[in-house]
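Trainee: Got a structure for you, written out below as structure tokens; questions coming shortly.
The values are calculated or read from the model by the stated rules, or taken from the named source; none is laboratory data. These numbers come from a predicted model, not from an experiment. No Cβ is skipped: glycine too gets one built from the backbone with ideal geometry, and neighbour counts run over all protein chains shown.
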């Protein structure tokens with residue numbers, strides 16, 4: 001049975017062309033780009049090309065604004081910690097309750113270190129209140145860090161507008177764009193975004209490579225010191241094979257943007273409509289009119305997400321869930337809780353995330369398989385009887 | 001994806017006894033919606049013999065919750081109620097060839113549903129003290145509530161103590177920062193400030209390992225066990241001298257205190273004999289052969305030294321050494 005991979009927000013398959021581009025950098029092109037001899041020089045040229053490919057995808061003004069890092073998490077940490085160290089008198093951070101743990105866990109740690117963190121709330125569709133945000137901006141705030149697109153729901157935040165507001169207040173602005181890059185068009189030079197994080201493995205490059213975009217003129221303090229690499233802003237010998245791979249992947253992502261927002265979006269919409277048409281007591285979460293073109297997060301009420309994933313997996317379909325049981329924690333995802341989803345729905349969310357490799361046949365098959373799985377599990381559920389919920393009839397001894 | 005055993009997968013994909021039981025005369029509803037589990041267990045009990053004739057379940061939950069429910073019904077069918085009440089959550093897990101540590105609460109839920117259903121059949125009220133917090137120690141599946149309660153009840157002030165009392169943090173040590181946070185919070189309640197640097201030292205791992213090793217080998221290695229800092233264990237000779245009887249009573253007290261935590265994991269510890277500074281104990285149940293036994297012993301030994309204010313050595317024995325009148 002062919003497998004159907006619909007978990008592209010978790011990670012993507014490395015494009016074969018990307019693999020071809022990177023392979024020589026494990027063999028004949030092994031030089032250290034810092035070396036003066038020809039071995040190093042050739043690799044140095046390749047890194048410059050990669051930098052320009054990423055610059056083009058992001059619409060950055062200069063290629064020197066692209067810093068290669070090891071991953072999105074490193075980029076996030078570098079950005080936030082840099083802003084704090086560069087502006088020691090500013091002791092506040094603004095972020096949102098639905099950020100990725102790469103930002104949230106760092107902010108929680110910084111709170112313990114004495115910083116004040118303002119967490120912007122979201123409404124039932126996962127949207128921010130910009131008036132509340134505006135009121136928090138002050139000369140005490142070192143940095144705003146808000147994601148461009150949510151990894152679970154795909155909901156887009158108005159980061160371009162928020163960066164303008166921060167700029168007017170004289171506050172640095174960072175966005176974790178790990179999910180957004182390559183899926184929606186960007187033109188950073190026309191925005192006031194100071195820093196942006198991206199991760200290679202979300203756009204068909206390998207794992208272990210990321211980028212921090214750093215607008216020219218932004219005050220900066222490096223996280224890693226000890227070398228002149230990346231103009232002294234990120235010491236450590238360059239991961240040249242992966243950088244070349246990310247460059248190639250960025251070039252392909254840019255060429256794919258239209259496909260992503262037409263073909264992939266249409267397949268996503270077809271999948272979502274197809275499932276919701278056949279399954280009652282289910283709904284798409286997040287801001288469905290303003291989200292990534294590849295993501296559909298569906299809450300199936302009265303059943304639990306891990307069970308759905310296990311049955312999908314048995315059918316060769318890979319997706320993911322915000323349910324507690326898939327993560328090892330006992331609580332459903334912080335994103336679902338922040339949107340106020342009831343527990344009977346929050347535990348039953350399944351995220352389908354498509355890519356340019358997703359085909360119409362695959363979507364048709366998922367639409368055909370999902371309703372049966374949902375029905376099978378609901379028949380096991382104490383909240384369900386003969387095709388309808390009986391929530392009131394079940395009252396657990398502790399809750 | 002979880003590393004589920006074949007048996008768990010089999011019981012999840014083909015659950016036994018799923019669905020409603022119309023003629024049920026004992027029903028137990030348990031669950032915690034916040035953590036995504038709810039289970040209804042329905043029993044049909046023969047009123048003359050108190051034998052479970054049939055059992056069915058309905059479960060809202062993850063793969064292991066459904067598999068645990070299925071296993072539970074298979075285990076208890078045909079048993080009398082008194083026999084069924086002997087079924088432990090470990091037995092449910094064992095029936096499934098084990099559950100991942102994070103999923104052990106699924107088997108606990110099964111046992112509780114059984115208690116609730118039997119209470120319902122007997123017309124009794126079933127109360128559960130079950131309170132589940134966020135999982136802190138994933139190695140031993142110890143949650144926040146349990147750690148908090150233990151810290152409060154025993155006035156603990158260091159990660160090492162928490163490990164000794166609950167086992168939390170005794171494995172991979174990834175949760176030590178989390179335990180420190182809990183300590184800081186609970187100690188603040190009693191007006192104290194947690195300081196990571198002031199932690200009570202435990203015996204170095206080398207000693208812990210050798211304690212668990214063959215008792216005789218350990219005897220030669222740890223004649224003078226821990227170069228323990230004075231704050232924790234005053235040198236022998238200081239403090240009032242205890243009579244033999246007082247000394248043994250104190251040793252017994254420490255052992256008794258340690259037992260509930262071990263029993264929670266279906267293990268136990270028994271005092272065999274005291275010979276000078278050597279305290280012979282026997283680990284039983286799940287403790288015997290447990291990888292963490294040395295950690296447990298080190299903790300108990302440490303407490304004993306603090307109580308007695310002298311060096312003692314805890315020696316695990318499989319049975320009373322020859323010539324000892326145990």
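Trainee: Going through the stretch B:24-52 one residue at a time, which ones are more than 30 Å from residue A:338 (Cβ to Cβ) and without any contact (Cβ under 8 Å) to a residue 24 or more places away in the chain?
Mentor: Of everything in the stretch B:24-52, those that are more than 30 Å from residue A:338 (Cβ to Cβ) and without any contact (Cβ under 8 Å) to a residue 24 or more places away in the chain turn out to be B:44, B:46, B:47, B:48.
Trainee: So residue A:161 clears everything in (1) within 26 Å of residue A:186 (Cα to Cα); (2) touching a strand residue (DSSP E or B) at 6+ places or on another chain (Cβ under 7 Å) except one condition, right? Which one?
Mentor: Every listed condition holds for residue A:161 apart from (2).
Trainee: With respect to residue B:38, determine if the residue is within 14 Å of another protein chain (Cβ to nearest Cβ) and out of contact with any helix residue (DSSP H, G or I) (no Cβ under 7 Å at 6 or more places or on another chain).
Mentor: yes
Trainee: Being within 14 Å of chain A (Cβ to nearest Cβ) and surrounded by 20 or more Cβ atoms within 10 Å (Cβ to Cβ) is the filter here; which residues of the stretch B:73-101 pass it? Reasoning before the result, please.
Mentor: The initial filter retains those residues of the stretch B:73-101 that are within 14 Å of chain A (Cβ to nearest Cβ), namely B:73, B:99-101.
Residues satisfying the conditions are B:73, B:99.
Trainee: Also, I was wondering about something else. Can you report the number of residues in the stretch B:268-325 which are closer than 13 Å to residue B:248 by Cβ and at pLDDT below 75?
Mentor: Looking only at that region, the number is 0.
Trainee: Just a yes or no: is a residue in the stretch A:327-336 surrounded by 17 or more Cβ atoms within 10 Å (Cβ to Cβ), farther than 24 Å from residue A:157 by Cβ, within 11 Å of another protein chain (Cβ to nearest Cβ) and out of contact with any strand residue (DSSP E or B) (no Cβ under 7 Å at 6 or more places or on another chain)?
Mentor: There is no residue in the stretch A:327-336 that is surrounded by 17 or more Cβ atoms within 10 Å (Cβ to Cβ), farther than 24 Å from residue A:157 by Cβ, within 11 Å of another protein chain (Cβ to nearest Cβ) and out of contact with any strand residue (DSSP E or B) (no Cβ under 7 Å at 6 or more places or on another chain).
Trainee: Can you find a residue that is surrounded by fewer than 22 Cβ atoms within 10 Å (Cβ to Cβ), within 12 Å of chain B (Cβ to nearest Cβ) and farther than 23 Å from residue B:135 by Cβ anywhere in the stretch A:283-306?
Mentor: no
Trainee: Also, I was wondering about something else. Would you be able to say whether some residue in the stretch B:136-152 is within 14 Å of another protein chain (Cβ to nearest Cβ) and within 24 Å of residue B:15 (Cβ to Cβ)?
Mentor: yes
Trainee: Okay, next question. How many of the residues making up the stretch A:141-165 are in contact with a helix residue (DSSP H, G or I) (Cβ under 8 Å, 6 or more places away or on another chain) and in a helix (DSSP H, G or I)?
Mentor: 3
Trainee: Pick out, from the stretch A:1-118, the helices (runs of 4 or more DSSP H) lying fully within it that include 3 or more residues that are touching a helix residue (DSSP H, G or I) at 6+ places or on another chain (Cβ under 9 Å) and farther than 20 Å from residue A:224 by Cβ.
Mentor: Passing ranges, in order: A:16-22, A:38-58, A:101-112.
Trainee: Residues that are surrounded by fewer than 19 Cβ atoms within 10 Å (Cβ to Cβ) and in contact with a strand residue (DSSP E or B) (Cβ under 6 Å, 6 or more places away or on another chain): does the stretch A:51-62 have at least one?
Mentor: no
Trainee: If you don't mind, another one. Only one of (1) in contact (Cβ under 8 Å) with a residue 60 or more places away in the chain; (2) within 24 Å of residue A:349 (Cα to Cα); (3) away from every other protein chain (no Cβ under 11 Å) fails for residue B:67. Which number is that?
Mentor: Going through the list (1) in contact (Cβ under 8 Å) with a residue 60 or more places away in the chain; (2) within 24 Å of residue A:349 (Cα to Cα); (3) away from every other protein chain (no Cβ under 11 Å), residue B:67 breaks only (3).
Trainee: Can you go through A:365, A:337, A:351 and tell me which one is under 19 Å from residue A:99 (Cα atoms) and modelled with pLDDT of 95 or more?
Mentor: On the way: A:365 fails: under 19 Å from residue A:99 (Cα atoms); A:337 fails: modelled with pLDDT of 95 or more.
Residue meeting the stated conditions: A:351.
Trainee: Moving on. Need the failing condition index for residue A:311 against (1) more than 11 Å from chain B (Cβ to nearest Cβ); (2) modelled with pLDDT of 95 or more, just the number.
Mentor: It fails just one condition, (1).
Trainee: For residues in the stretch A:356-374 being touching a residue at least 60 places away in the same chain (Cβ under 8 Å) and more than 14 Å from residue A:266 (Cβ to Cβ), which is farthest from the other protein chains (Cβ to nearest Cβ)?
Mentor: A:357
Trainee: Right, another one. For residue B:22, only one of the following conditions fails: (1) at the interface with chain A (Cβ under 8 Å from one of its Cβ atoms); (2) surrounded by fewer than 18 Cβ atoms within 10 Å (Cβ to Cβ); (3) more than 25 Å from residue A:345 (Cα to Cα). What is its number?
Mentor: That leaves (1) as the condition not met.
Trainee: Here's another thing I want to ask about it. Kindly indicate the residue of the stretch B:87-108 that is part of a helix (DSSP H, G or I) and at pLDDT 90 or above and also farthest from residue B:266 (Cα to Cα) among those meeting that condition.
Mentor: The qualifying residue farthest from residue B:266 (Cα to Cα) is B:95.
Trainee: Right, next: Filter the stretch B:3-19 down to the residues that are away from chain A (no Cβ under 12 Å) and in contact with a strand residue (DSSP E or B) (Cβ under 7 Å, 6 or more places away or on another chain) and list them by number.
Mentor: none
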